[in-house]
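Presented below is the structure to which this report refers.
The numbers here are math on the coordinates, done by the rules we state, and not lab data. Since the structure is predicted, the reported quantities are computational estimates derived from the model, not experimental observations. Virtual Cβ from ideal backbone geometry, glycine too; neighbours counted across all protein chains shown.
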Amino acid sequence: MGPGARGTGPCGRFVAQEVVAVRATKVLDSFPAGHPHGSWLAEEYAARCRERGERATVVMDLERDAFLVVAPDPDAARDRAA
């Protein structure tokens with residue numbers, strides 16, 4: 001294992017936790033990054049999801065050049081624990 005996986009680097013522990021958090025999410029919607037309003041549409045959608053009680057947040061998918069609205073996926077977390 002490298003330093004980041006063991007948390008021995010200056011920010012290694014944070015990086016390892018962040019990767020796990022991203023993997024245990026589901027994509028609620030996707031918005032093109034090239035849109036004239038930028039991430040605004042994704043942020044508005046995430047805000048509406050949060051109003052309904054979902055823990056939604058916006059992340060950037062560099063490979064797809066899109067803003068993704070994601071929420072924790074309890075099924076993924078349960079599968080990982082098993």
Quick one: length gained pulling ARG52 to ASP75 fully straight, 0.36 nm per residue minus the C-alpha distance? 6.3 nm
Using the Cα centre of the range 20-73 as origin and beta-carbon charges of +1 (Lys, Arg) and -1 (Asp, Glu), tell me which of THR57, GLY34, PRO72 is placed farthest towards the positive end of the dipole. PRO72
For the pair ARG64 and LEU28, how long in nm is the line joining their label points, each one 7 Å along Cα→Cβ? 1.5
Residues with amide H under 5 Å from that of ALA66, placed H, sequence gap 5 or more: ALA33, ASP61
Residues with amide H under 5 Å from that of LEU28, placed H, sequence gap 5 or more: VAL69, VAL70, ALA71
